[in-house]
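The values are calculated or read from the model by the stated rules, or taken from the named source; none is laboratory data. From a predicted model like this one, the values you see are computed outputs, not experimental measurements. Cβ placement follows ideal geometry from the backbone for every residue including glycine, while neighbour counts extend to all protein chains displayed.
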Amino acid sequence: MNTIDETQSRRWRLVLGAAAEDVLGGLGSAEDAAMDRALSALYNTADDQSPGKRTGGLQGSAPRVARWLGDIRGYFPGTVVEVMQRDAIQRLNLNQLLLEPELLDAVEPDVHLVGTLLSLNRVMPETTKATARVVVAKVVREIEQRIANQTVAAVSGALNRAARVDRPRPRDIDWDRTIRKNLATYLPEHRTVVPERLIGYGRRAQAVQHDVVLAIDQSGSMATSVVYAAVFGAVLAAVRSLRTSLVVFDTEIVDLTDKLDDPVEVLFGTQLGGGTDINRALAYCRSLVTRPANTLFVLISDLYEGGIRDDMLRRVTAMKESGVQIVVLLALSDDGAPSFDHENAAALAALGIPAFACTPDKFPALLAVALDRGDIRAWADADAARR
């Protein structure tokens with residue numbers, strides 16, 4: 001057997017477990033055996049007791065789980081560790097063990113873990129909350145580093161375009177756009193352009209130009225979207241030209257705008273889980289709109305409405321007709337195609353309000369299009385075609 005075959009055989013043996021040992025052979029090193037035990041603890045079920053099959057399990061011991069988490073971080077790359085942690089929480093029901101500070105110290109923080117911790121917020125003892133905040137803060141910092149500059153640049157560009165004027169002061173002239181707009185008046189003999197129209201930036205940049213209202217469904221299925229939306233809300237709140245509001249809802253409504261200077265506080269102000277009343281959330285958010293033509297409303301929800309559906313559609317129609325620019329995101333995450341209410345999404349599309357999922361990396365560009373009062377449907381279709 002050549003080296004490549006040996007490598008493939010080893011990998012398949014680790015994937016399939018001891019049941020494949022007769023065909024693929026045994027594991028040749030102590031490290032491989034240890035990796036096999038780590039995989040067995042997670043992916044073997046307690047009732048899988050037939051001969052030749054793995055029999056593992058993390059059982060109910062927090063110290064044992066903590067040791068296992070430490071082991072997998074040594075054996076596998078970070079992306080694999082995140083998947084295994086997620087699987088452990090789902091397959092082995094480790095939610096209660098995550099309330100142990102010792103266990104939290106051992107985990108590899110990621111956005112899905114943060115979502116799980118937030119869902120446990122109401123039952124988390126104070127001794128664990130301190131550790132949980134450290135975990136959440138680390139993930140928030142990583143997300144901010146990933147999206148902040150891109151978001152500020154996209155939003156600032158959109159606001160600057162909105163503030164352009166045709167009679168600028170000399171120091172406010174946008175020479176690049178002025179020259180391109182006046183190429184027809186180029187004089188070859190003088191090698192210059194005689195501008196008939198000056199384009200520049202207005203003096204509104206320091207004032208609030210636009211209002212942004214983020215409404216986030218905090219039902220359990222929206223956990224990662226809540227995390228990303230909270231960070232985006234904090235980034236937008238730091239842009240002087242925007243007035244940003246952030247509202248989370250299930251069957252109740254919580255306005256977290258006053259916490260936007262600290263996205264960790266925003267996240268701990270959420271209560272993941274529970275039902276969904278989009279209609280009630282729309283009623284509250286509409287009360288925040290004071291200048292519809294300059295307001296962007298972003299609803300992040302899977303649209304599984306537990307409230308009055310007809311009233312929900314009437315409210316969103318009224319907001320749109322008043323001049324509010326509306327964006328509906330079925331998810332704001334990297335998790336792939338979301339589960340959502342297709343009937344409600346189709347009803348919104350019929351009103352001219354497309355509903356689609358968006359990744360965090362694409363959200364700044366979407367914001368720029370929305371603030372420019374661009375065609376959101378066309379942007380979404382073009383983005384889908386590029387994928």
* To do: Would you check if Ala370 is surrounded by fewer than 20 Cβ atoms within 10 Å (Cβ to Cβ), assigned by TED's automatic domain parsing to the domain that holds Ile278 and either among the hydroxyl-bearing types (Ser, Thr, Tyr) or part of a helix (DSSP H, G or I) (or both)?
  => no
Just one listed residue, out of Ala350, Ala337, is of a type in the set (A, V, I, L, M) and either closer than 20 Å to Ser221 by Cα or in contact (Cβ under 8 Å) with a residue 24 or more places away in the chain (or both), and it is Ala337
Inset, instruction - State yes or no: is Asp302 closer than 20 Å to Val227 by Cα and not hydroxyl-bearing (Ser, Thr, Tyr)? - result: yes
Those residues of the stretch 289-334 that are of a type in the set (D, E, K, R) and in contact (Cβ under 8 Å) with a residue 60 or more places away in the chain come to a total of 3
All conditions in (1) modelled with pLDDT under 85; (2) assigned to a helix (DSSP H, G or I) are true of Val227 except (1)
Practice task
Would you check if Arg73 is closer than 18 Å to Asp87 by Cβ, at pLDDT 65 or above, surrounded by fewer than 17 Cβ atoms within 10 Å (Cβ to Cβ) and charged (D, E, K, R)?
Solution key: no
Checked Val81, Val136, Val114, Val140 against criteria (at pLDDT below 85 and part of a helix (DSSP H, G or I)); the one match is Val81
Apart from one, (1) in contact with a Lys or Arg (Cβ under 6 Å, 6 or more places away or on another chain); (2) assigned to a loop (DSSP other than H, G, I, E, B); (3) buried (at least 20 other Cβ atoms within 10 Å of the Cβ) all hold for Ile326; the odd one out is (2)
How many residues of the stretch 200-224 are at pLDDT below 90 and under 30 Å from Asp174 (Cα atoms)? The answer is 10
*asked:* Condition first: part of a strand (DSSP E or B) and closer than 28 Å to Val239 by Cα. Can you find one or more residues in the stretch 332-347 that meet it?
replied: yes
All-but-one check, Asp174 against (1) under 23 Å from the mean Cα position of the chain (by Cα); (2) at pLDDT below 85; (3) crowded, with 17+ Cβ neighbours inside 10 Å, failing number (1)
Filtering the stretch 239-271 down to residues that are part of a loop (DSSP other than H, G, I, E, B) and either in contact (Cβ under 8 Å) with a residue 60 or more places away in the chain or in contact with a Pro (Cβ under 8 Å, 6 or more places away or on another chain) (or both) yields Val239, Ser241, Thr270, Gln271
Checked against (1) farther than 24 Å from Thr224 by Cβ; (2) surrounded by fewer than 18 Cβ atoms within 10 Å (Cβ to Cβ), Asp383 satisfies every condition except (1)
Among the residues of the stretch 348-367, the number that are part of a helix (DSSP H, G or I) and more than 20 Å from the chain's Cα centre (by Cα) is 3
